[in-house]
Structure formats: C-alpha cells, structure tokens
Amino acid sequence: MTDMTPNIPEIVAEVRACFERYEQALIDKAVDVLDDTFWNSPLTIRLAMHEHGYGFDQIHAHRVARPPGPGIKEERLRLDILTLGRDFASVSLEFKVRGKDLVGRQSQTWARLPGEGWKVVFAHVSTVGKEALW
C-alpha cells in the first residue's frame, strides 16, 4: 500500500520551495523556470482568467506572451500546502487582487514524477468578490 501520510515536514518544505520558485519566476518572467515547473505533457492543464491552457504547448505560449511584472497579486492572504505521502501535493493560495476589491484564488496540483522531480500537473486561478468569502 502506498504511504499517504499527510504533511511530512520535509516534503512540505520541498513543495513550498518549488512553489516560491514559481511565484518569483512569474514576477521575473523567467519562462525557462515557469516551463520547468509544469509537466511537459499534453495532459497538463492551467485554467486562468485570461487563459485556458490545455497541454504544455498552450501553457508555454501564454507564458511567452505574458508581460513581466508582479501581475495581479498584491498581497498574500492565505497559503495552504497539503502533501500526501512523498509524491503528491496541493497548494492553495488566496491573495488580494492588485487595485481591485477582489480576492484571487490559485490552486495547483503537484506530483513528483520519476526522473523529473516536482511538477505542476493542474493549475487554476480565479477571482471572487470578498463578500462571497465571509
């Protein structure tokens, strides 16, 4: 049976480091790092407000077209990382949307893939009005 122990500290730390590297790459528009973060597969999905990337190639095309800079994230409100065993994780980030009275939600599913390390296999970004949260 596969070990599904939740939140093994060193695994949480690994995933958090990968997530923070990705977040910095968004600001820097480091396309090579952004690409390296996502599983290079036609099965990878990234859904966002202005993008529906079905497959790595579509996700990469959006990365190239996106302008550099801090993007829509003004302030982090909550970051949750859940790992199950040593090879599966989900990351959820709530953030204040820059210049708007909205809360952003970002979720990522991460998998440790043989020979590749931690990769995002699914991602979603959306916004919601604050009144919907509380």
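When the stretch 79-107 is filtered for residues that are modelled with pLDDT under 95 and on the phi > 0 side of the Ramachandran plot, only 99 remains.
Set side by side, the residues 16, 66 differ, and just one is within 26 Å of residue 128 (Cα to Cα), in contact with a strand residue (DSSP E or B) (Cβ under 7 Å, 6 or more places away or on another chain), touching a residue at least 12 places away in the same chain (Cβ under 8 Å) and not acidic (Asp, Glu), which is 16. Closer than 20 Å to residue 7 by Cα, aliphatic (A, V, I, L, M) and surrounded by 13 or more Cβ atoms within 10 Å (Cβ to Cβ), is that true of residue 102? In short, no. Here the strands (runs of 3 or more DSSP E) wholly within the stretch 45-134 that include at least 2 residues being of a type in the set (A, V, I, L, M) are 45-48, 73-84, 88-97, 102-113, 117-129.
Conditions (1) without any contact (Cβ under 8 Å) to a residue 40 or more places away in the chain; (2) of a type in the set (Asp, Glu); (3) more than 29 Å from residue 130 (Cβ to Cβ), marked per residue:
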site: 21; (1), (2), (3): yes, no, yes
site: 36; (1), (2), (3): yes, yes, yes
site: 82; (1), (2), (3): no, no, no
site: 114; (1), (2), (3): yes, no, yes
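Of all residues in the stretch 36-63, how many are among the acidic types (Asp, Glu) and either within 21 Å of residue 90 (Cβ to Cβ) or touching a strand residue (DSSP E or B) at 6+ places or on another chain (Cβ under 6 Å) (or both)? Matching residues across the stretch 36-63 total 2. Any residue in the stretch 18-37 that is within 16 Å of residue 126 (Cα to Cα) and assigned to a loop (DSSP other than H, G, I, E, B)? Checked against the condition, which is being within 16 Å of residue 126 (Cα to Cα) and assigned to a loop (DSSP other than H, G, I, E, B), the stretch 18-37 yields no hits at all.
The values are calculated or read from the model by the stated rules, or taken from the named source; none is laboratory data. Predicted model, so just to flag it, every value in this text is computed and none were measured. Positions of Cβ are generated from backbone atoms using ideal geometry, with glycine treated the same way; all protein chains shown enter the neighbour counts.
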